[in-house]
Amino acid sequence: MKTLRAKWPTRLDGVLPWVVPVIVIAVWQLTGSLGLISSRIMPTPVQVVEAGVRLTANGDLGKALAASTWRALAGFVIGGGIGFLFGILNGVAKLSEKLTDSTIQMIRNVPHLALIPLVIVWFGIGDEGKIFLVSLGVLFPIYLNTLHGIRSVDPGLIEMGRVYGLGRGALYRKVILPGALPSILVGLRYALGIMWLTLIVAETISAKDGIGYMAMNAREFFQLDVVVLCIVLYALLGKFSDVLAKWLERSWLKWHPHFGKWSGKQTP
Amino acid sequence: MASAFWKVEREADPVTEGAGRGISIELAGVEKSFGNGLTVLKSLNLSVRAGEFVAVVGRSGCGKSTLLRLIAGLDRISGGSLRRDGKEASGVDPATRVMFQDSRLLPWQTVLDNVRLGAIGLTRKEAEERAREALRLVGLESKENDWPSVLSGGQRQRVALARALVGNPRLLLLDEPLGALDALTRIEMQRLIERIWLQQGFTALLVTHDVSEAVALADRVILIENGTVALDLAITLARPREKDNGFAWFEKRILDRVLEPDALPGKTAEMQFEI
């Protein structure tokens with residue numbers, strides 16, 4: 001792929017992704033400072049940063065972040081774990097697949113956010129409901145991609161493993177799981193996106209703490225600087241998850257021509 | 001490429017010298033049919049002596065690859081008897097190694113770890129040592145830490161050969177291992193395989209559609225037609241083999257038999273061989 005791309009001086013590589021955000025923020029600040037947009041409708045970046053400093057100082061921001069991150073991670077581990085286990089199980093055992101796959105596919109087609117009214121009734125507005133929704137959201141991308149990954153392992157390699165006397169355990173460890181890993185990591189990246197999306201919606205509709213609650217609360221008092229701060233936080237958290245997923249891809253898929261040393265930083 | 005690959009040392013009669021290392025194969029009245037009623041092999045008799053190099057040729061779909069899979073223990077015979085080393089064969093056997101047309105290396109393991117896969121049941125250290133030795137044998141000791149994806153097709157097949165050899169097999173089954181390589185690499189690999197076979201004295205069974213390759217390497221060429229042995233020809237040329245008149249005679253003899261029109265009722269003799 002590299003040969004098809006125009007060559008940039010490598011020292012610019014680290015700078016280029018920041019050019020557009022910096023320009024956008026500069027224009028935003030400028031229009032606000034010049035009074036072109038009223039700060040009642042759209043606070044300037046400086047005001048947003050000030051709100052961030054204020055909320056950090058009084059501890060509100062830290063508490064909201066901790067609450068949201070806890071829900072996100074708990075839901076991710078539960079839902080991702082279940083999805084992964086079913087993916088593996090249904091990938092290797094025909095009986096299990098016959099028994100559960102069509103049910104899972106049916107549930108998958110229900111938009112999980114449609115369950116919010118039901119979830120409020122079941123769990124109230126505490127952590128459980130949000131963790132439930134996040135689990136449900138991340139379960140399916142992990143399940144589907146794990147299953148697909150296991151199915152797409154080259155049967156030639158499995159046959160080779162048999163000829164070379166690999167036992168069942170070694171065959172999974174050395175051939176099937178590593179072969180499915182690229183696809184599982186794609187599922188992981190999808191799941192991370194869905195994780196934040198679900199949490200934002202759930203927290204905005206019903207919560208007593210967390211970032212989404214902070215945004216809704218600020219809206220009632222017309223503190224638009226805090227609302228924008230929350231939106232920016234979501235963007236940063238999403239970006240952070242993505243960086244994490246990319247890092248995992250790079251360190252676990254070193255062997256893959258796409259992620260190996262040739263492609264360097266050019267991974268999508 | 002290192003000049004060593006071009007040099008094939010003439011050693012004592014490999015069949016007797018390798019005795020004790022290679023194993024014999026005995027097929028009597030072997031049948032193979034699949035679930036859909038398709039019979040691929042019928043009443044096939046073939047006996048391969050210990051340490052012998054036998055090539056199996058035939059048109060595509062004649063069942064030569066099926067024959068190899070049966071001997072490897074990857075498929076079960078439907079009838080008759082198949083003996084390896086005098087014992088009734090059942091399933092995959094650690095003394096038998098297969099080299100496939102594609103290298104089938106694990107892309108997520110380094111060259112060394114891939115070769116180590118063939119040395120099952122040894123400690124990690126022993127296995128690594130053996131793997132390095134096998135890589136030296138195929139001339140790739142400098143590549144042990146590379147990923148398979150950076151190797152050329154010929155290098156990958158050499159790694160696959162090292163993986164097959166690392167467990168000191170007594171029977172090496174080669175399923176068109178050179179079919180996907182370019183002509184020069186192919187000649188080089190043929191010489192490498194011949195050299196290692198002469199050194200180690202295992203039994204070798206090569207399935208190929210390249211008659212010239214069969215004549216260059218084998219002690220005997222078997223032609224499979226309509227699911228059974230149609231020709232069993234000893235190649236009495238001295239090794240290393242030159243492409244001289246004798247070579248051409250054997251090649252022509254086999255090709256003529258393959259292309260005989262009456263062998264294919266209702267069909268014109270179409271060329272399906274790469275020569």
Note to self: Could you go through the range A:129-148 and let me know if any residue there is closer than 20 Å to A:His258 by Cβ, within 14 Å of chain B (Cβ to nearest Cβ) and either over 28 Å from the mean Cα position of the chain (by Cα) or surrounded by 21 or more Cβ atoms within 10 Å (Cβ to Cβ) (or both).
What the structure shows: no
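Among the residues in the range A:151-163, are any touching a residue at least 40 places away in the same chain (Cβ under 8 Å) and not hydroxyl-bearing (Ser, Thr, Tyr)?
Yes, the conditions are met somewhere in the range A:151-163.
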Note to self: Can you tell me which of (1) away from every other protein chain (no Cβ under 14 Å); (2) assigned to a helix (DSSP H, G or I); (3) over 26 Å from the mean Cα position of the chain (by Cα) is the one A:Met160 doesn't meet?
What the structure shows: (1)
Check: When only residues in the range B:70-115 that are charged (D, E, K, R), farther than 19 Å from B:Val48 by Cα and under 18 Å from the mean Cα position of the chain (by Cα) count, which is nearest to the other protein chains (Cβ to nearest Cβ)?
Finding: B:Arg104
Next item on the list: Would you check which residues across the range A:54-95 are modelled with pLDDT under 95 and of a type in the set (Val, Ile, Thr) and list them?
Entry: A:Thr56, A:Thr69, A:Ile88, A:Val92
Check: Is at least one residue of the range B:1-23 modelled with pLDDT of 90 or more and under 15 Å from B:Asp219 (Cα atoms)?
Finding: no
Next item on the list: Could you list all residues from the range A:233-268 that are at pLDDT below 90 and among the β-branched types (Val, Ile, Thr)?
Entry: A:Thr267
Margin query: Exactly one of these conditions fails for A:Ala93: (1) farther than 17 Å from A:Ser135 by Cβ; (2) touching a helix residue (DSSP H, G or I) at 6+ places or on another chain (Cβ under 8 Å). Give me its number.
Written below: (2)
Next item on the list: Provide a single number: the residues in the range A:164-178 that are within 8 Å of another protein chain (Cβ to nearest Cβ) and either without any contact (Cβ under 8 Å) to a residue 12 or more places away in the chain or among the hydroxyl-bearing types (Ser, Thr, Tyr) (or both).
Entry: 4
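The values are calculated or read from the model by the stated rules, or taken from the named source; none is laboratory data. In this text the structure is predicted, and so the values were computed from the model without any measurement. No Cβ is skipped: glycine too gets one built from the backbone with ideal geometry, and neighbour counts run over all protein chains shown.
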